[in-house]
Amino acid sequence: MPEGDSVYQLSKRLQWMQCREVTATSIRVPSYATVDFTGMICERVWPRGKHLFMEFKKDGHQAQILHTHLKMEGTWSMHRAGTRWKKPAHAARVVLSLSDDPQPDIELVGFWLGLVRVFPARQYEQEMGYLGPDLLDPDFDMAEAVRRIEAQPDLEIGRALLDQRNLAGIGNEYRAEINFLAGTHPRERVGEVDVEKHVRLARRLMWANKDAPVRVTTGIKRAGETSYVFGRNNKPCRRCGTLIEKGFLGGDGDLERVIWWCPRCQPEP
């Protein structure tokens, strides 16, 4: 599942959509199959945590927002209308053609998208206000993120960091690396750790990677050396040499996710 920096970069790549007219629409999700942006102008494209938004507007009509989430397998592809897709047609969830006169239209296709929704632009905050502060927002509200996490002192810090209602953008990779750098086991309770330290690390790591082609948390860009514990089960800790361990964390309404930790640097509570 992509993290906030991946969606931020995707949004940057899609800025070409702004001010272009939609010439064809196909939303292949039953609930929104009749939605048609054709004739509307793309006003803006932006990320919020792991979510991507596109706003379309036409004079005399109410602005609409297309809300998507990549989940585990989603991708967006761009090509000239009429050229062959590189992915199977049955995987397409959204197909938009945008004008590029005098050249052929640009076709944007969302494949295997985990979430597709459409709602009026005026309902944006009503629909998305549940999300915590966005780690890549230039005006990121550190105090609010800390407050939301600390409101659940008995919750494991690993689950609290992954909860998008607390702060938006962290996925499994950042969660693992933040816990390692903070010296805390993912199963430690929120009330027993320095929450602000974790949030500051999250902000610093994601901000440093927001424009990077390869996500790095160790400061080393060489292949295989970019992370401390994520995906490194049974490999030696880069700090102390102890073998990294792997387990699972979740339940009670949360999706169970893999966790990694160094038993010496992050002793289990």
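The values are calculated or read from the model by the stated rules, or taken from the named source; none is laboratory data. Please read all numbers here as calculations on a predicted model, not as lab measurements. We place every Cβ from the backbone using ideal geometry, glycine too, and count neighbours over all the protein chains shown. Each accessible area value is taken on the protein alone, full model and side chains, heavy atoms only, with ligands, DNA and RNA left out. Shrake-Rupley method; radii C 1.70, N 1.55, O 1.52, S 1.80 Å.
How about LYS87: which aspartates and glutamates have a C-alpha closer than 20 Å to its C-alpha, ignoring those fewer than 8 places off in the same chain?
GLU73, ASP105, GLU107
Return the inverse of the average 1/r over all pairs of distinct C-alpha atoms in region 142-244, which is the Kirkwood hydrodynamic radius, in Å to one decimal. Walk me through the numbers on the way to the answer.
Working: mean 1/r = 0.0710 Å⁻¹.
In region 142-244 this quantity evaluates to 14.1 Å.
Binning at 10 Å from 0, report for region 14-156 what percent of all alpha-carbon pair distances ends up in each bin.
Cα pair-distance distribution for region 14-156, in percent: 11, 36, 32, 14, 6, 1, 0.
How about region 116-219: which chymotrypsin sites (Phe, Trp or Tyr not before Pro) there are in a DSSP loop, with at most 13 other Cβ atoms within 10 Å of their Cβ?
Working: sites: TYR124, TYR130, PHE140, TYR174, PHE180, TRP207; in loops: TYR130, PHE140.
Passing both the DSSP loop test and the Cβ count: TYR130.
Mind giving me the nanometre distance, one decimal, between the label points for ARG222 and HIS79, set 7 Å out from Cα along Cα→Cβ?
Each label point lies 7 Å from its Cα, and together they span 3.8 nm.
Kindly provide the trypsin sites (Lys or Arg not before Pro) of region 45-90 that DSSP labels as loop, not H, G, I, E or B, and whose Cβ sees at most 10 other Cβ atoms within 10 Å. Working shown, then result.
Details: sites: ARG48, LYS50, LYS57, LYS58, LYS71, ARG80, ARG84, LYS86; in loops: LYS50, LYS58, LYS71, ARG84, LYS86.
Hits after loop and neighbour filter: ARG84, LYS86.
Applying 1/(1 + (r/R0)^6) with R0 = 22 Å to the Cβ-Cβ distance of ASN234 and ARG264, what FRET efficiency is obtained, to the nearest 0.05?
Values: r = 15 Å, r/R0 = 0.66.
According to the calculation, E is roughly 0.90.
Ordered by residue, what ³J(HN,Hα) values in Hz, to whole numbers, does region 72-86 give under the Karplus form 6.51 cos²θ - 1.76 cosθ + 1.60, where θ = phi - 60° and Gly and Pro are x?
With the stated coefficients, region 72-86 comes to 7, 10, x, 8, 10, 10, 10, 6, 6, 4, x, 8, 6, 6, 8 Hz.
Grab the DSSP H runs of the chain that are 4 residues or longer, score each as -39,500 (n - 2.57), total them, divide by all residues and round the 222 nm result to the nearest 500 deg cm²/dmol.
-6000 deg cm²/dmol
Given the Cα-Cα distance of LYS58 and ASP137 and 0.36 nm per residue of separation, how much length would full extension add, in nm?
Details: separation 79, 0.36 × 79 = 28.44 nm, distance 2.81 nm.
Length difference between fully extended and current span is 25.6 nm.
Using just the C-alpha positions of the chain as equal point scatterers, what log10 of I(q)/I(0) does the Debye formula give at each q in 0.14, 0.16 1/Å?
Each listed q corresponds, in turn, to -1.00, -1.19.
Pop a pseudo-label 7 angstrom from the Cα along the beta-carbon direction at both LYS246 and ASP101 and give the gap in nm to one decimal.
Placing both labels 7 Å along Cα→Cβ, they lie 5.5 nm apart.
Testing the spin-label approximation: label points 7 Å from Cα along Cα→Cβ at GLU43 and ARG122. State their distance in nm.
Spacing of the two 7 Å Cα→Cβ label points: 1.1 nm.
Just the number please: accessible area per residue for region 81-159, 1.4 Å probe, all protein chains included, in Å².
That works out to 51 Å² per residue.
So, R0 is 35 Å and r is the distance between the beta-carbons of SER26 and ALA208; what FRET efficiency does that work out to, to 0.05? Let's see the in-between values first.
Values: r = 38 Å, r/R0 = 1.10.
Here the calculated transfer efficiency is 0.35.
What residue among THR226, ALA202, SER26 has its Cα farthest toward the positive end of the dipole of the chain, where the charges are +1 on Lys, Arg and -1 on Asp, Glu, each on the Cβ?
THR226
Can you pull the three principal axis extents for the Cα set of region 1-62, in Å, largest first?
35, 28, 18
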